[in-house]
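Asker: Attaching a single structure in structure tokens format; questions to follow.
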Amino acid sequence: MGLMDHVLQVPSYGWQDSSGQLIKPTAGQIIREFFRRINIFESRKNWLPFFSWFRVICILPLFYLFLFKYMSVGLLVTAFLYSMIIMGTHGTIWHHRYCTHQAYKFSNRFWLIVTKNLTISMVPEEIYTISHHVHHAKSDKPGDPYNAEAGFLYCFLADVNHQPISTTLTEKQYHQVSQLMRHTGVKGNTYAQYLKWGSYSNPVREVTGWLLNWAFWFCVFYAIGGFALVCTLFGAAGFWAVGVRTFNYEGHGKGENKQRDGIDLNNDDKSINQLWPGLVAGEWHNNHHLYPSSARSGFLPYQFDLAWYYIRFLSAIKAVSSFRDSKGQFYEEHYRPYLRRKEEGKKVEGRMEDGKMEEGRKVAKAGV
């Protein structure tokens with residue numbers, strides 16, 4: 001068995017049954033697992049999933065003030081832009097294309113730190129990165145941490161129930177995890193510290209980085225627009241952090257095959273290209289599953305890719321030293337063959353139609 005088979009904590013209800021079929025837990029089982037996994041009094045090894053949701057809880061008072069005290073048309077538009085576009089695109093740039101897939105490389109650590117902190121910090125790199133490797137290895141199969149076939153709640157609470165790394169890794173396995181994380185700039189625990197905390201991330205460093213990030217953006221937003229803007233943009237970040245947990249359920253067709261001819265060319269799983277996530281965050285998900293390590297996933301002319309434009313900008317100013325762009329491969333290996341198959345299909349249909357017409361004329365002539 002490879003690392004992807006056992007790098008994540010197995011939920012109490014398991015990934016699959018004795019026949020290898022996906023276990024679909026009840027809502028009650030999922031909720032009980034969620035509260036057990038964030039219980040830091042039961043085990044300090046629960047600190048990272050707890051911390052993931054603790055950030056959201058901290059933002060709730062600011063979100064409340066935005067809704068019931070400061071909200072105006074202008075601030076509502078600002079919140080929409082920050083949540084849907086800025087936070088969404090940053091998630092694609094940082095967590096998805098860099099932390100997980102290393103689709104590009106920074107020229108130096110300065111630009112890594114800048115890109116990491118472009119927005120309000122809401123998602124721990126460890127929880128996203130390791131589990132997303134598993135998602136690609138087991139997409140829509142048992143063991144996929146956000147398998148849409150198991151339902152909405154299974155995906156929505158996956159960051160706590162399914163995405164944390166196992167707390168019983170061997171030293172060799174933990175070293176493999178470290179190799180998957182070291183480029184992110186997150187300084188990991190030693191193996192002895194991992195055995196104590198159950199995570200790659202060190203709690204002191206993680207909390208310190210979070211506080212510095214929030215303090216910086218609090219001061220910037222306050223200087224620009226006062227406490228009203230602080231409540232607006234922090235509230236928007238919290239809204240995004242909750243909403244993004246629904247993406248993989250939607251992005252894999254809610255567990256059903258919703259792929260469309262000529263739009264979704266990867267048929268190895270249920271991933272689909274959705275217009276809204278693609279336009280606002282560069283997340284053309286079916287394209288991404290075709291070429292996970294590409295710094296661009298908007299391949300077709302209408303597939304606007306803000307994340308790609310940021311990466312190209314960094315490359316232009318020499319902040320990014322290299323990147324992978326799979327657009328050419330996409331056209332050569334998938335899109336042009338699709339167009340040829342479509343054209344051949346039309347020709348076959350045309351010949352069949354001509355044959356039917358000729359047969360009809362022969363019948364009519366014989367009748368006469």
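Asker: What residue, among those in region 31-63 that are over 15 Å from Pro164 (Cβ atoms) and touching a residue at least 60 places away in the same chain (Cβ under 8 Å), is surrounded by the most Cβ atoms within 10 Å (Cβ to Cβ)? Explain how you work it out, then say what you get.
Answerer: Taking region 31-63 first, the residues over 15 Å from Pro164 (Cβ atoms) are 31-32, 41, 55-63.
Subsequent filtering for residues that are touching a residue at least 60 places away in the same chain (Cβ under 8 Å) retains 31, 55-56, 59-60, 62-63.
Working: Ile31: 14, Arg55: 18, Val56: 16, Ile59: 23, Leu60: 11, Leu62: 21, Phe63: 20.
Filtering first and then ranking leaves Ile59.
Asker: Of Tyr222, Tyr194, which residue is assigned by TED's automatic domain parsing to the domain that holds Pro61, part of a helix (DSSP H, G or I) and surrounded by 20 or more Cβ atoms within 10 Å (Cβ to Cβ)? Reasoning before the result, please.
Answerer: Values: Tyr222 fails: surrounded by 20 or more Cβ atoms within 10 Å (Cβ to Cβ).
Tyr194 is the lone residue from the list that is assigned by TED's automatic domain parsing to the domain that holds Pro61, part of a helix (DSSP H, G or I) and surrounded by 20 or more Cβ atoms within 10 Å (Cβ to Cβ).
Asker: In region 148-185, what residues are in a loop (DSSP other than H, G, I, E, B), modelled with pLDDT of 95 or more and under 22 Å from the mean Cα position of the chain (by Cα)?
Answerer: Gly151, Leu157, His162, Gln163, Pro164, Ser166
Asker: Of everything in region 11-62, what is under 23 Å from the mean Cα position of the chain (by Cα), outside any helix (DSSP H, G or I) and either among the charged types (D, E, K, R) or not assigned by TED's automatic domain parsing to the domain that holds Val242 (or both)? Give them in sequence order.
Answerer: Matches in region 11-62: Lys24 only.
Asker: For the condition assigned to a loop (DSSP other than H, G, I, E, B), under 20 Å from the mean Cα position of the chain (by Cα) and without any contact (Cβ under 8 Å) to a residue 40 or more places away in the chain, what is the one hit in Asp269, Asp264?
Answerer: On the way: Asp269 fails: without any contact (Cβ under 8 Å) to a residue 40 or more places away in the chain.
Going through Asp269, Asp264 in turn, just one is assigned to a loop (DSSP other than H, G, I, E, B), under 20 Å from the mean Cα position of the chain (by Cα) and without any contact (Cβ under 8 Å) to a residue 40 or more places away in the chain: Asp264.
Asker: Still on this structure, I have one more. Could you say which residue among Gly282, Gly298, Gly253, Gly238 is surrounded by 19 or more Cβ atoms within 10 Å (Cβ to Cβ), in the same structural domain as Met71 (by TED's automatic domain parsing), in contact (Cβ under 8 Å) with a residue 24 or more places away in the chain and on the phi < 0 side of the Ramachandran plot?
Answerer: Numbers: Gly282 fails: on the phi < 0 side of the Ramachandran plot; Gly298 fails: in contact (Cβ under 8 Å) with a residue 24 or more places away in the chain; Gly253 fails: on the phi < 0 side of the Ramachandran plot.
It is Gly238.
Asker: OK, next. Filter region 256-266 down to the residues that are under 21 Å from Tyr302 (Cβ atoms) and not charged (D, E, K, R), then identify the one that is surrounded by the fewest Cβ atoms within 10 Å (Cβ to Cβ). Give the steps one after another, and end with the answer.
Answerer: Within region 256-266, the first condition is being under 21 Å from Tyr302 (Cβ atoms), and the residues that meet it are 258-266.
Remaining after also requiring not charged (D, E, K, R): 259, 262-263, 265-266.
On the way: Gln259: 17, Gly262: 10, Ile263: 16, Leu265: 20, Asn266: 19.
Taking the candidates together, the pick is Gly262.
Asker: Of the residues that sit in region 125-183 and are free of Cβ contacts under 8 Å to residues at least 24 places away in the same chain and acidic (Asp, Glu), which one is surrounded by the most Cβ atoms within 10 Å (Cβ to Cβ)?
Answerer: Step by step, filter region 125-183, then rank; the result is Asp144.
The values are calculated or read from the model by the stated rules, or taken from the named source; none is laboratory data. Please read these numbers as outputs of a predicted model, since none were measured by experiment. All Cβ positions, glycine included, derive from the backbone under ideal geometry; neighbour counts span all protein chains shown.
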